[in-house]
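Presented below is the structure to which this report refers.
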C-alpha cells in the first residue's frame, strides 16, 4: 500500500473512534443532572412539610381545665298557656343537680327512678337526692353539687353560677313541678365541653317528666302510689287532666320553662 493510502486510512479510523466516545459522555451527564434535580426536590418538600407541622402546633391552643357558668331558669308555665286544671299555687321546688362524667347520672329516661329522685319529684325535697349525689362524688364521677332555691309562684326566674371541668363536663339539674303527683323538669347530661372547646351559651326548652312512682292524674291529686313503679318517661296525660303530651302542651307545643346557660369570661 502506498504512503498516501496508509495516511488516508489512519485518518478515517481516528475520526470514527472520536465520534463513538462523545455519545456516551452526554448520556452520563444527563443522568447526573436528573439525580441532582431529584435530590433538590426532595429536600424542598421536606422543608415545606416541617413548616406546616410547626404552624399547626402553634395554633392548637389547649382549653382551660375548668369553666364557670351562669344558669338562669325561667318559668313560662302560666294559667293562660296551660289552662287545664292549672293549680293556684304553681311553683318549682329548689333545684338540685351536679356536673359529672358519663357514669354520674342521677336519672335516665325509660329506667326506674332512684329513691332520691322519687322524693324530689313527689315532695320537692332534695335531701335524699343530695345523699345520692354525695355517693356519686365519692365514687369519683362528679365534683360539683348544685343546690339552689326554686322559683316560687310570685317569681319568674332564678339565676346562679356553677363550675365544670374537663373531667366532669356534663350537667344535670332537676326540680319538681309543684303541686303535682310526681312530675318534674330536668336537664339530662348536657355536654359543656366537646372537641377541646367549652360551650359558650345555650338555651334549652324544658319538658315535663313523670317519675313513675305515683298514679295521680292531676296537679292536685291525692297520693296514689304506683306499684310496681314505672320507668321515668315524658309526661302524657288525658286531655281532661292536664295539657301535657310528651312533656309539652299537646296542641301548642309550649314548654313549661327554659334554662339558659352562659359561660362567664
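Restricting to the stretch 187-207, count the residues that are in a strand (DSSP E or B) and surrounded by fewer than 24 Cβ atoms within 10 Å (Cβ to Cβ).
14
Go through the stretch 104-137 and report how many residues are in contact with a strand residue (DSSP E or B) (Cβ under 9 Å, 6 or more places away or on another chain) and farther than 19 Å from residue 227 by Cα.
Residues meeting the conditions: 14.
Taking the stated definitions as given, is residue 99 on the phi < 0 side of the Ramachandran plot, surrounded by fewer than 19 Cβ atoms within 10 Å (Cβ to Cβ) and not in a loop (DSSP other than H, G, I, E, B)? Full working, then the answer.
On the way: on the phi < 0 side of the Ramachandran plot: yes; surrounded by fewer than 19 Cβ atoms within 10 Å (Cβ to Cβ): no; not in a loop (DSSP other than H, G, I, E, B): yes.
Criteria not met by residue 99.
Based on what the data block shows, is residue 109 touching a residue at least 24 places away in the same chain (Cβ under 8 Å), surrounded by fewer than 21 Cβ atoms within 10 Å (Cβ to Cβ), under 30 Å from residue 239 (Cα atoms) and within 21 Å of the chain's Cα centre (by Cα)?
Criteria met by residue 109.
Kindly indicate whether residue 104 is within 26 Å of the chain's Cα centre (by Cα), surrounded by 15 or more Cβ atoms within 10 Å (Cβ to Cβ) and either part of a loop (DSSP other than H, G, I, E, B) or not assigned by TED's automatic domain parsing to the domain that holds residue 202 (or both).
Details: within 26 Å of the chain's Cα centre (by Cα): yes; surrounded by 15 or more Cβ atoms within 10 Å (Cβ to Cβ): yes; either part of a loop (DSSP other than H, G, I, E, B) or not assigned by TED's automatic domain parsing to the domain that holds residue 202 (or both): yes.
When the stated conditions are applied, residue 104 passes them.
Scan the stretch 213-231 and give yes if some residue there is assigned to a strand (DSSP E or B), surrounded by fewer than 21 Cβ atoms within 10 Å (Cβ to Cβ) and in contact (Cβ under 8 Å) with a residue 40 or more places away in the chain, otherwise no.
no
Considering only the stretch 164-186, I want to know if a residue exists there that is surrounded by fewer than 16 Cβ atoms within 10 Å (Cβ to Cβ), assigned to a strand (DSSP E or B) and out of contact with any helix residue (DSSP H, G or I) (no Cβ under 8 Å at 6 or more places or on another chain).
No.
Examine the stretch 65-77 for a residue that is part of a loop (DSSP other than H, G, I, E, B) and more than 24 Å from residue 143 (Cβ to Cβ), and state whether such a residue exists.
yes
Considering only residues that are over 14 Å from residue 175 (Cα atoms) and assigned to a loop (DSSP other than H, G, I, E, B), look in the stretch 122-141 and name the one that is farthest from the chain's Cα centre (by Cα).
Within the stretch 122-141, the match that is farthest from the chain's Cα centre (by Cα) is 139.
Of the conditions (1) in contact with a strand residue (DSSP E or B) (Cβ under 6 Å, 6 or more places away or on another chain); (2) at pLDDT 95 or above; (3) not in a helix (DSSP H, G or I), residue 153 satisfies every one except a single condition; which number is it?
Failed condition: (2).
Give the residue that is surrounded by the most Cβ atoms within 10 Å (Cβ to Cβ), with candidates limited to residues of the stretch 233-260 that are over 23 Å from the mean Cα position of the chain (by Cα) and closer than 17 Å to residue 188 by Cβ.
256
How many residues are assigned to a loop (DSSP other than H, G, I, E, B) and within 17 Å of residue 92 (Cβ to Cβ) if we restrict to the stretch 111-121?
So the answer is 0.
The values are calculated or read from the model by the stated rules, or taken from the named source; none is laboratory data. On a predicted model such as this, the values are computed, not experimentally measured, just so you know. Note that each Cβ is placed from the backbone with ideal geometry, even for glycine, and that neighbours are counted across all protein chains shown.
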